[in-house]
Amino acid sequence: MQLFRSSVGRKLFMACSGLMLAGFVAAHLLGNTTLFAGSEAINTYAAQLHKLGPVLWIFRLGLLGALLAHVIFGIWLTLQNRAAKPIGYAKKTTQTTTLAAETMIYTGLALLAFVVYHLLHFTLRKVGLEPSLFSDATGQVDVFRMVVLSFQQWPLVLLYVGGLAALFLHLSHGISSIFQTLGVCNEYLLPLLRKAGFIAALALAAGYLSIPILTYFGLVTL
Ligand code: HEM
């Protein structure tokens, strides 16, 4: 309870849940790259995941818990910081900050909106293309067909580009902040850690972006 009450404790919850979510983002990208190996590869990968049954559900619940904790503590910390800020400085002091650091709450909320859309799109299949275009009479989904047909549509490509831009901005500050909060680095290592976090965020966003972009431009086809 003490941890919940202190702002250091809340930052620790943010860092631990952020680490879990960033780990998922990296693992999910690795899984998604099977798309480049063709239809059989990604469909076998999806089938193996679904075969995990209860283990998959435990993992999903853990991920959902981390997401909820991250969103709630993120909003809470932002409101707390705003309330603590003295109003109306006569002169603005110069402090080293970045656009990514200043906009964490906005990129975080945009990313949340993207994830909700993404789940409705690829997991629940309630938005986007008509499911009969990529599933057979028994309801069996062809994941390769679903992804490729989706990213042949420019509005969906644009939507994913927007979501992935939010992912990049959020992680470009978030990854290094996790290690800073967990005390893994000192003031000498901090600039190095910031650069490494930025490069990791860029690599993740570029990896994800390659899927809609290469598909839209016909380098991945049915
Ligand atoms: C171009 C980018 C992406 C592609 C092609 C993609 C593809 C997919 C597909 C096909 C599924 C459904 C798997 C299935 O049910 O068989 C899925 C699920 C999911 N994706 Fe993505 N994804 C992308 C980006 C992202 C990003 C950036 C995030 C998070 C920030 C994300 C989070 C999730 C989550 C949470 C699930 C549900 C996992 C589950 O069912 O356990 N995805 N994705």
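The values are calculated or read from the model by the stated rules, or taken from the named source; none is laboratory data. Quick caveat, the model's predicted, so the values are computed rather than measured. For neighbour counting, all protein chains shown are included, and Cβ atoms are generated from backbone atoms with ideal geometry for every residue, glycine included. Quick note on the areas: whole protein, heavy atoms, side chains included, nothing else; ligands and nucleic acids left out. Shrake-Rupley method; radii C 1.70, N 1.55, O 1.52, S 1.80 Å.
Quick notes on this one:
- Length added when fully stretched, Tyr106-Val55, from 0.36 nm per residue minus Cα-Cα: 15.1 nm
- Our helix-only sum for the chain, with -39,500 (n - 2.57) per DSSP H run of n ≥ 4 divided by its residues, gives a mean residue ellipticity at 222 nm of -23500 deg cm²/dmol.
- Averaged per residue, the chain has 63 square angstrom of accessible surface, using a 1.4 angstrom probe with ligands and nucleic acids left out.
- Available extension along the chain between Phe24 and Phe217 is 66.7 nm, counting 0.36 nm per residue and deducting the alpha carbon span.
- At full extension, Thr44 and Leu124 could sit 26.9 nm farther apart than now, given 0.36 nm per residue minus the alpha carbon distance.
- Protein accessible area in the chain, 1.4 Å probe - carbon and sulfur %: 70 percent
- The stretch 111-220: relative contact order as a whole-number percent, Cα under 8 Å and 6+ apart: 28 percent
- Range in the chain, longest, excluding exposed chymotrypsin sites (Phe, Trp or Tyr not before Pro) [loop by DSSP; at most 16 other beta-carbon atoms within 10 Å]: 90-187
- Candidate aspartates and glutamates - alpha carbon under 18 Å from Lys85, same-chain residues fewer than 8 apart omitted: Glu102
- Efficiency of FRET from Cβ geometry, Ala37 and Leu68, R₀ 25 Å, rounded to 0.05: 0.15
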